[in-house]
Amino acid sequence: ETKLHGLSDENQVLKYFKWPQAKMDALRESSALVHELKRMVRNLKTWKANKAEDSVLVGFDKFQATDLVVTAISEMDKIQPRVERIMCESKSFQEKFSKFKINLEVDSLIGSVKNESLSLANAAMKTTLCHLAEDKLNMLKTFKFAFRVHQFSVDGLQGGSCDLFRKLHMQLQSLTMH
């Protein structure tokens, strides 16, 4: 008891007992991974709810519209490399966690993040079409960004997103003809 009392680190205390430290580390790591992916999904859903709504976008001026597009691209620049890294490590995560009977379905969470990323492209395309339709440079930037998100997402651009993409493409073509 006196020896344990002098130890300050929990790992030093736990090594005196039969404690599954490797399993605890795996649980912590899996929990952190799940929380990180769920946080990404929450943030992207916030984009869908707060920034991709027509009622919000109507009140924008050109500078706010440009800022929104830049912010959407920046958000994707943070999310995409991390998700791709997790995808590359997914098999090793599954093997590591299965040793300790930790069932972690990373693929479904990754799919959710990828599909929710479409809200970034939708917000950028809507904003560009409403406020930056005569700005060829911003139109092209948004077009490339939307295509990048299309390639990243699981389902790609569908429905309203695909219609926005077509409108963006047609507007961009009309600007290049002039």
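Things worth noting here:
- Unmet criterion (only one of (1) surrounded by fewer than 19 Cβ atoms within 10 Å (Cβ to Cβ); (2) in contact with a helix residue (DSSP H, G or I) (Cβ under 9 Å, 6 or more places away or on another chain); (3) hydroxyl-bearing (Ser, Thr, Tyr); (4) within 20 Å of Phe165 (Cα to Cα)) for Ser117: (1)
- First in region 93-118 and over 27 Å from Thr46 (Cβ atoms) and in contact (Cβ under 8 Å) with a residue 12 or more places away in the chain, second anywhere and open to solvent by 50 Å² or more (accessible area, probe 1.4 Å) and not charged (D, E, K, R), Cβ under 9 Å, 6 or more apart: Phe97/Leu27; Phe97/Asn103; Lys99/Ala22; Phe100/Pro20; Phe100/Ala22; Phe100/Leu27; Ile102/Leu27
- Any hit, region 88-99, residues being among the hydroxyl-bearing types (Ser, Thr, Tyr), open to solvent by less than 70 Å² (accessible area, probe 1.4 Å) and not in a helix (DSSP H, G or I): no
- Selection status of Asn103, of a type outside the set (D, E, K, R), open to solvent by 60 Å² or more (accessible area, probe 1.4 Å) and in a helix (DSSP H, G or I): no
- Residue match in region 146-163 (condition: under 30 Å from Pro20 (Cβ atoms) and assigned to a helix (DSSP H, G or I)): no
The values are calculated or read from the model by the stated rules, or taken from the named source; none is laboratory data. Here the structure is a predicted model, which means the values were calculated and not measured. Positions of Cβ are backbone-derived with ideal geometry, glycine not excepted, and every protein chain shown enters the neighbour counts. Heavy atoms of the whole protein, side chains included, go into the accessibility calculation; ligands, DNA and RNA do not. Shrake-Rupley method; radii C 1.70, N 1.55, O 1.52, S 1.80 Å.
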